[in-house]
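Structure record follows, encoded as structure tokens.
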Amino acid sequence: MSLLQPGEQFPALTLSLPGGETLRVPDALAGDFGVVLFYRGSWCPYCKSQLRAFQRSLGKLAELGVKVVAVSVDDEATTKQTIAEHGLEFPVGHSADAAAFAEATGAFVNDDPRHLQSTGFVLDPEGKVVVSVYSSGAIGRLVPEDVAGLVRYLRDHRAA
């Protein structure tokens, strides 16, 4: 397991979405900047706050060409409840295999209860890592304001 560094291609991961659909990242984000969030689970107050913050910023992020996806080890029913409770309009995956996701991305895993620690990635339009934010515990995570500022900076300096 190694941490994903800036400039590395984000690994192909398949997220199981409620209702039986799947979403492949980074393919589903291609052509846009992307945010991939691993959250600890519906029981985590910090994770719920992060998900709500990204939902509130979804319009501003979309204007910047940023798509957001999230995933946890929660089961499908719990994920459906999380989506409904917080009015989430971005794709939220469920039943992530913590060991496989950690092996692919370097995310930290908690053993008891088994879950991925909060991890966030900002991807460029080609699916390469711009920023990786790894947490080994409850705090330390991406926030939408920082993502928006980073994307604005990258767009302004890429065009220059």
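Here are the numbers for this structure:
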{"item": "Per-region count, region 50-64, residues surrounded by fewer than 14 Cβ atoms within 10 Å (Cβ to Cβ) and assigned to a loop (DSSP other than H, G, I, E, B)", "result": "0"}
{"item": "Scope region 14-32; condition over 15 Å from Val68 (Cβ atoms) and assigned to a strand (DSSP E or B); matching residues", "result": "Thr14, Ser16, Thr22, Arg24"}
{"item": "For Lys67: the one exception among (1) open to solvent by 30 Å² or more (accessible area, probe 1.4 Å); (2) part of a helix (DSSP H, G or I); (3) of a type outside the set (S, T, N, Q); (4) in contact with a helix residue (DSSP H, G or I) (Cβ under 8 Å, 6 or more places away or on another chain)", "result": "(2)"}
{"item": "Scope region 30-49; condition under 15 Å from the mean Cα position of the chain (by Cα) and open to solvent by 10 Å² or more (accessible area, probe 1.4 Å); matching residues", "result": "Ala30, Asp32, Arg40, Ser42, Tyr46, Lys48, Ser49"}
{"item": "Candidate set from region 70-79 (those that are assigned to a helix (DSSP H, G or I), touching a Pro at 6+ places or on another chain (Cβ under 9 Å) and open to solvent by 10 Å² or more (accessible area, probe 1.4 Å)); member that is farthest from His115 (Cα to Cα)", "result": "Ala77"}
{"item": "Residue list for region 80-118, filter: touching a Leu at 6+ places or on another chain (Cβ under 8 Å), in a helix (DSSP H, G or I) and without any contact (Cβ under 8 Å) to a residue 40 or more places away in the chain", "result": "His86, Ala98"}
{"item": "Lone unmet requirement of (1) over 12 Å from the mean Cα position of the chain (by Cα); (2) of a type outside the set (Asp, Glu); (3) open to solvent by less than 20 Å² (accessible area, probe 1.4 Å); (4) over 14 Å from Val25 (Cβ atoms) for Asn110", "result": "(3)"}
{"item": "Residue count, region 119-143 (criterion: assigned to a loop (DSSP other than H, G, I, E, B), under 22 Å from Gln9 (Cβ atoms) and open to solvent by less than 50 Å² (accessible area, probe 1.4 Å))", "result": "4"}
{"item": "Given (1) over 22 Å from Lys60 (Cα atoms); (2) in contact with a helix residue (DSSP H, G or I) (Cβ under 6 Å, 6 or more places away or on another chain); (3) among the aliphatic types (A, V, I, L, M), number of the condition Leu88 does not satisfy", "result": "(1)"}
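The values are calculated or read from the model by the stated rules, or taken from the named source; none is laboratory data. Every value quoted in this text rests on a predicted model; they were computed, and no experiment measured them. Virtual Cβ from ideal backbone geometry, glycine too; neighbours counted across all protein chains shown. The area values use the complete protein model at the heavy-atom level, side chains included, leaving out ligands, DNA and RNA. Shrake-Rupley method; radii C 1.70, N 1.55, O 1.52, S 1.80 Å.
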